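Notes to accompany the following structure.
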Amino acid sequence: MIPKSIIKALVGSGKSRVLIQLPEGLKAKSLEIADELRENGLEPVVSGDVCFGACDLKFLKGATTLHIGHSKMVDASNVIYWEYPYSQSLAPAAEKALPLLGRRVGLFTTVQHLGKIREAREFLESHGKEVLTAAGRATREYQLLGCDAAGAISLKGKVDSFLYIGGGRFHPLAIAYYTNEPVVAADPFSLKVETIPPGKLQKEKALRQTKAMGAQGFGIVVSTKPGQENWGLAGKLKGKLEAAGKRALLIYMENITPDLLLPYAVDAFIITACPRIVIDDWKNYKRPVLLPDEASFLLKP
Ligand code: SF4
C-alpha cells in the first residue's frame, strides 16, 4: 500500500499524471500501484525502461515521477521518492553468515532493509560480535550504494570482515573493491551466503590495467543518466590523456553495453558512469574498460 504521505505529495504536486519508475525486482507490482494511484484520482503511466538506481531518473512531460525502491540521490523537481521498505527479517541472514565472520563486523545493507537492520545487529552482538557501521557521502548509517561505499571505506582496517545483507551482486563487490577486506554477502530472501576474499577484485583491476597498457586511443564514456553524468571528470581525463600524447573521444550514451561500444575504433574505454559497468561486467567487453582512477597509471610520465 502506498504511504499516505506519498499520495498526498503526488496529489499536491498539481499534476494528475504520474510516471512510475521501478527497479526490475518490483516491476511485478506495477499494476497494483497503478490501481491505487487511479483510486486517488491520479493517471499512472509506468516507465518500461530498466531502472538501475536512484541515479537513473526518467521524466515525462507534464507528469510527476514516482521513483520507487531507492533513496534520493539527485536534486530534481517533479520527483517523489518512495523507498519501499521491506518487512523481511534480517536476523536469519545474519545467522547464516555468522560462521564466516571475524569478531569485528562492518554491517551494511540497502535502503529497503534499513528498517530491519538493527535485528541483524542485535543478533550479531548477542553472538559475541562487535558491530560497526557508518554513513556514506549521500547515504545513512548502514546504507550502501555501489557508487557510494564511503561508509565502508571509513571502516577499512577497523573491522575483521564486512557483512552485506541484501539482494544483488554489486553492493558487496563494491565493498570488496574499495576496501580490499573480506566481505560476506547474505541474501535475506534466499538465505544464500557468499564470501568475497580480499585481493580478488584488486587482481581483476590489475588485469584490466595490463590489458590497457599499450592503448593510444581512448573512448571516455559519459552517461546521460542524471545521477551518473559527469562532464567535469570526463573533461579532466580527456585533457590529461591528450597531454600524455594519447587520443580521446568523448562518447555520450544512456545504457552502456558491450555491443554499443563495439563500433568505436579506440583501444580502451574509461567509464565515468556507474562503477558496476567496470567492476562487475568488465569481462563481457571486447576491449579493456577502466574506471577513471584505474586509468591514472596511463598518465604517469
Ligand atoms: S551509479 Fe550505479 S551504483 Fe550508483 S546508484 Fe546508480 S546504478 Fe546504483
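Just a few scattered comments:
- Using the rule -39500 (n - 2.57) for each DSSP H run of four or more residues, divided by the residues of the chain, the 222 nm mean residue ellipticity is -7500 deg cm²/dmol.
- Taking 0.36 nm per residue of separation and subtracting the current Cα-Cα distance, fully stretching the chain between MET253 and SER126 would add 40.8 nm.
- Over 19 Å between alpha carbons, listed pairs LYS200/LYS246; LYS205/LYS225; LYS72/LYS225; LYS205/LYS246; LYS211/LYS236; LYS72/LYS192: LYS200/LYS246; LYS205/LYS225; LYS205/LYS246; LYS211/LYS236; LYS72/LYS192
- Rough spin-label spacing in nm, given labels placed 7 Å along Cα→Cβ, for SER77 and VAL11: 2.3
- Per residue, the convex hull volume that the Cα atoms of the chain enclose (Å³): 135
- If you run the Gaussian network model on the chain, springs between alpha carbon atoms under 10 Å, then out of ALA185, ALA28, ALA54 the most flexible one is ALA28.
- Ranked list, fewest to most other Cβ atoms within 10 Å of each Cβ, for MET73, MET213: MET213, MET73
- GLU95-LYS211 pseudo-label distance in nm [points 7 Å out on the Cα-to-Cβ vector]: 4.2
Quick note: the coordinates plus some simple rules give every number you see, no bench work behind them. Remember, predicted model here, so these are calculated numbers, not experimental data. For neighbour counting, all protein chains shown are included, and Cβ atoms are generated from backbone atoms with ideal geometry for every residue, glycine included.
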